[in-house]
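Enquirer: One structure coming up, written as structure tokens, with questions to follow.
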Amino acid sequence: MLFRSMATEFTAVVPAGTKDAAGHPLEKEVRWTFRTPAPHVTESYPQGGPHGRSPVMVAVFDQKVDPNAVLTTISIAPQGALRLATASEIDADPGARAVQRRAQAGRWVAFKAVDPFPTSTQVTVTVGTGTPSLEGPLKTDAPQRSDWRTYGPMAVEERSEEHT
């Protein structure tokens, strides 16, 4: 039997007639329902900036997920085409590699934009409503966002003249 603990709704039932510690039977059935959380992003990369125009992006979850299923719920702005990152792309990106190695097996998704982002661009990654879990049937009911920025053009920020 596969026990699922996350993203699941449970119903507990204590049948009528069940005896308490003193031996008294329960007159009526007692029933209650509770839920364990749907997938939630616990860490994302990159953050802040500046970052390159084509970084590997990583989302880490609090439970096991199917990367292909999660990818269908992720959107990025200003542009939208995404694909899963390859193992060699993850290994070549020190920040993505560090996040992926810290994450528990099966709880992360690494992806890239199909085309590089423009310079000086605010990038918003949204893991959307309906993101599924491998641990249970419940899906996310709210989007989860992270933002980061690409590097800007080279600019002189300070200049000084040396006097002799």
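Enquirer: Would you list which lysines come within 24 Å of residue 139, measuring only between C-alpha atoms, while excluding same-chain residues fewer than 8 positions from it?
Expert: Candidates past the 8-residue exclusion: 64, 112.
Enquirer: Shifting gears a bit: Taking a cut-off of 20 Å between Cα atoms, list the lysines near residue 19, but don't count ones fewer than 8 places away on the same chain.
Expert: 28
Enquirer: Please name whichever of 80, 122, 94 sits farthest to the positive end of the charge dipole of segment 61-133, dipole taken about the Cα centre and charges placed at Cβ: Lys and Arg +1, Asp and Glu -1.
Expert: 94
Enquirer: Using a Gaussian network model on the chain with a 10 Å cutoff between Cα atoms, which of 14, 127, 58 fluctuates the most?
Expert: Of the options given, 14 has the highest mean-square fluctuation.
Enquirer: Let me spell out the model: positive unit charges on the Cβ of Lys and Arg, negative unit charges on the Cβ of Asp and Glu, origin at the Cα centre of segment 74-153. What dipole size does that give, in debye rounded to 20? Write down the numbers at each step before the final one.
Expert: Numbers: 9 positive and 7 negative charges, 28 e Å.
Rounded to the nearest 20 debye, it is 140 debye.
Where a number appears in this text, it was derived from the coordinates with a stated rule and is not lab data. What you are looking at is a predicted structure, and each value in this text was computed from that prediction instead of being measured. Positions of Cβ are backbone-derived with ideal geometry, glycine not excepted, and every protein chain shown enters the neighbour counts.
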